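Reviewing the structure listed below.
The values are calculated or read from the model by the stated rules, or taken from the named source; none is laboratory data. Not measured: the values here are computed from a predicted model. In this analysis, Cβ positions are derived from the backbone assuming ideal geometry, glycine residues included, and neighbour counts consider all displayed protein chains.
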Amino acid sequence: MRVSYHPDYFVELPPGHPFPMAKFPELHRILTDSGVIRYADVLRPREAELDLLRLVHAEAYLWKLATGNLTAAEERRLGIPWTDALWRRSRLAVNGTLNAALMALQDGYAGNLAGGTHHAFPDHGQGFCVLNDVAICIRRLLADGCIRRALVVDLDVHQGNGTAAIFEHDDTVYTFSMHGEKNFPARKTRSSLDIGLPCACADEYYLDTLTAALPGVIRDARPDCVFYLAGVDPVAGDRYGRMALSMAGLEARDRYVIAQMRDAGLPLVLLLSGGYAATPSRTAELHAVAFRVAVDLYERRSADLAIGLASA
């Protein structure tokens, strides 16, 4: 499986800051040390150019990010203090998602060991999200004629309000968000399909809801490419999640979503989105589940096809 990753996905934050920035290098270590991802299959992105970011973001907002001129209120809404390193890592992650999408169109699936920053709006950041990597990437793929339609499957516990707002009136992009109804953001925007779940939602209810909805989403979206925001904050014990998914439930979720896309022959872009477990290492372990499942499902399919050819 090919993935995007850059060591500068990690930037220093003030002591005690709740965002688990160390999860990015730790996820890379877990996946490469275990052999899930080969070092040769890790592509290091460069920083996204402003012209790419302008496909989604307002000029005034990009100027503030480039020059460090966010107001105190804007920085509070973003939730992360501005630094030049943060601005750079945000542009690296955008190109990481674009690279992952191009690789998925070639290979059938690929991932970014970051991304899924779905709370970023055209004119402001929010909820630890500076730039909306998914929206930027989709706009570029559409503009270049690489795809005609896209599907965003957002299973972060928080509604993908920025992505939903960006594509609300765009019939070429279907946004599906299954999230905590009484969780951040307090004011939801409108996705193509929103499913709000109750607090303390556990495996059975969660998986029954997902399996009832996703086949219809795929049918209605008719996508050429799928972006899966595999947030791990619905898992029990997450700092901000308010849900009760078990590890087995998380794996069953990821296995179901990824198998649906594989079986439909839809190029799949796998992204992290949120997760706030007790430690960054634990958060990275949870994120690793989706990548392990993806490699297992796609490699098994390749092995099955090889066996079929050999026995023909």
Go through the range 235-268 and report how many residues are part of a loop (DSSP other than H, G, I, E, B) and touching a strand residue (DSSP E or B) at 6+ places or on another chain (Cβ under 7 Å). 6
Identify all residues within the range 208-217 that are in contact (Cβ under 8 Å) with a residue 40 or more places away in the chain and of a type in the set (D, E, K, R); write none if there are none. none
Among what's in the range 51-72 and is under 13 Å from Cys137 (Cα atoms) and free of Cβ contacts under 8 Å to residues at least 60 places away in the same chain, pick the residue that is surrounded by the most Cβ atoms within 10 Å (Cβ to Cβ). Arg54
Gly196, sole failed condition from (1) over 17 Å from the mean Cα position of the chain (by Cα); (2) under 23 Å from Leu113 (Cα atoms): (2)
On the basis of being more than 16 Å from Ala288 (Cβ to Cβ) and buried (at least 20 other Cβ atoms within 10 Å of the Cβ), does Val235 make the cut? no
Result of the Cβ filter at 8 Å on the range 184-207, keeping first residues that are closer than 13 Å to Val157 by Cβ and touching a residue at least 12 places away in the same chain (Cβ under 8 Å) and partners that are assigned to a strand (DSSP E or B) and of a type in the set (S, T, N, Q), at least 6 apart or interchain, is Pro185/Gln126; Ile195/Ser177
Unique match (being out of contact with any Cys (no Cβ under 8 Å at 6 or more places or on another chain), part of a loop (DSSP other than H, G, I, E, B) and closer than 16 Å to Leu272 by Cα) among Ala93, Ala114: Ala114
Residue within the range 218-234 that is in a helix (DSSP H, G or I), in contact (Cβ under 8 Å) with a residue 12 or more places away in the chain and of a type in the set (A, V, I, L, M) present: yes
Does the range 139-153 contain at least one residue that is at pLDDT 95 or above, over 15 Å from Pro223 (Cα atoms), acidic (Asp, Glu) and touching a His at 6+ places or on another chain (Cβ under 8 Å)? no
Failed item in (1) part of a loop (DSSP other than H, G, I, E, B); (2) buried (at least 20 other Cβ atoms within 10 Å of the Cβ); (3) among the hydrophobic types (A, V, I, L, M, F, W, C), with Phe184 passing the rest: (2)
